[in-house]
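**Q** Next up is a structure, given as structure tokens.
The values are calculated or read from the model by the stated rules, or taken from the named source; none is laboratory data. Here the structure is a predicted model, which is why all the values come from computation and not from measurement. Cβ placement follows ideal geometry from the backbone for every residue including glycine, while neighbour counts extend to all protein chains displayed.
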Amino acid sequence: MPSISYGQNFEDVLLWRCFGGQETGFWIDIGAWHPTIDSVTRRFYEKGPGWHGVNVEPVPTYFKMIETDRPRDINLQVAIGERSGTLKLTVFEGTGGSSFDPMFIEHFRDRGFEQSTIDVRVRTLTDIFEEHAPSDRPVDFLKIDVEGWEKQAIDGMDLNRFRPRLLIVEATKPNSSEPYWDSWEPTLLANRYRLVWFDGLNRWYAADEHHAELARHFTTPAGVFDDFITAGHAAALEMLRAKLDGRELDPTNNAHATALSILQWKEIESARHALASYKSTPLMRLARGLMGKK
């Protein structure tokens, strides 16, 4: 039976090639966002108690979801930067676009998404590793998706002391394939991480000491021989099976609850994007400007 990929760009399929054969493992996910939608770790969490990790998510709405859904994990409601402190985060609900970066903020604002600003606690990756992944605890993969704040996150990590086997970093400008990695990639290369893949959205790096064992998994993109279906397809199939049996999806059933979560989220996401698109039309932008709204 095909496995389920929850990742936005099939990241979990490639990670599964690398680590799916392990009964135990540990990750750190910076910018975890949602426990199921576009999650690169959901598949590993479902593998069993031997797999768990640290999920970092500063936006309250999504942090609460993760905290409820992932009791086995370490869940932290903080942001990551080059130094500890407090910063104002611009939040765009219903998107993964909440950011400190002016370019990312302008991108989502111009597309009509409602914004708010919250104060968030900032910690460094070195802090996170020291507390939750000391040097004698191997980290299989570190994912960084912080909407334009990648340089600051990477600059706050001691890559000599802490050596995750694989690093995945979102590397393009918002909603585009345009490169956005020049400012931080040299730091990774200088610290003995080697590029093994670019999937059109993320850059993948293996630590020098693990390059030989990992690079072989990155000769081809995720495809038919990985034997998977998307989470959206899996959810639709669960709904169809229930309908054919003359019943509704049962939220007390784990598979049904996941399907309901995905299907309901897709409906909400579609409505939010439609509303944002309407608000971004020239006429609506003029009207909002006259009313003093951004």
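**Q** Residues that are within 13 Å of the chain's Cα centre (by Cα), buried (at least 23 other Cβ atoms within 10 Å of the Cβ) and farther than 16 Å from T124 by Cβ: does segment 45-54 have at least one?
**A** Among the residues of segment 45-54, not one is within 13 Å of the chain's Cα centre (by Cα), buried (at least 23 other Cβ atoms within 10 Å of the Cβ) and farther than 16 Å from T124 by Cβ, which makes the answer no.
**Q** The conditions are (1) under 21 Å from R83 (Cβ atoms); (2) surrounded by 15 or more Cβ atoms within 10 Å (Cβ to Cβ); (3) at pLDDT 95 or above, and S183 fails exactly one of them. Which is it?
**A** Only one criterion is unmet by S183, namely (2).
**Q** For segment 72-142, which strands (runs of 3 or more DSSP E) that fit wholly inside it have 3 or more residues that are outside the structural domain of S176 (by TED's automatic domain parsing) and surrounded by 19 or more Cβ atoms within 10 Å (Cβ to Cβ)?
**A** The strands (runs of 3 or more DSSP E) meeting that bar number zero.
**Q** Further question: Wholly within segment 191-294, which strands (runs of 3 or more DSSP E) include no fewer than the required count, namely at least 3 residues that are closer than 21 Å to E170 by Cα, modelled with pLDDT of 80 or more and in contact with a Phe, Trp or Tyr (Cβ under 7 Å, 6 or more places away or on another chain)?
**A** Values: elements: 193-198, 202-207, 228-230.
In segment 191-294, 193-198, 202-207 are the strands (runs of 3 or more DSSP E) which contain 3 or more residues that are closer than 21 Å to E170 by Cα, modelled with pLDDT of 80 or more and in contact with a Phe, Trp or Tyr (Cβ under 7 Å, 6 or more places away or on another chain).
**Q** Exactly one of (1) touching a Ser or Thr at 6+ places or on another chain (Cβ under 9 Å); (2) surrounded by fewer than 23 Cβ atoms within 10 Å (Cβ to Cβ) is unmet by E147. Its number?
**A** The number of the failed condition is (2).
**Q** Report every pair of residues separated by at least 6 positions or lying on different chains whose Cβ atoms are under 6 Å apart, first residue within segment 238-260 and in the same structural domain as T36 (by TED's automatic domain parsing), second part of a loop (DSSP other than H, G, I, E, B) and aromatic (F, W, Y).
**A** Short answer, once both residue conditions are applied: none.
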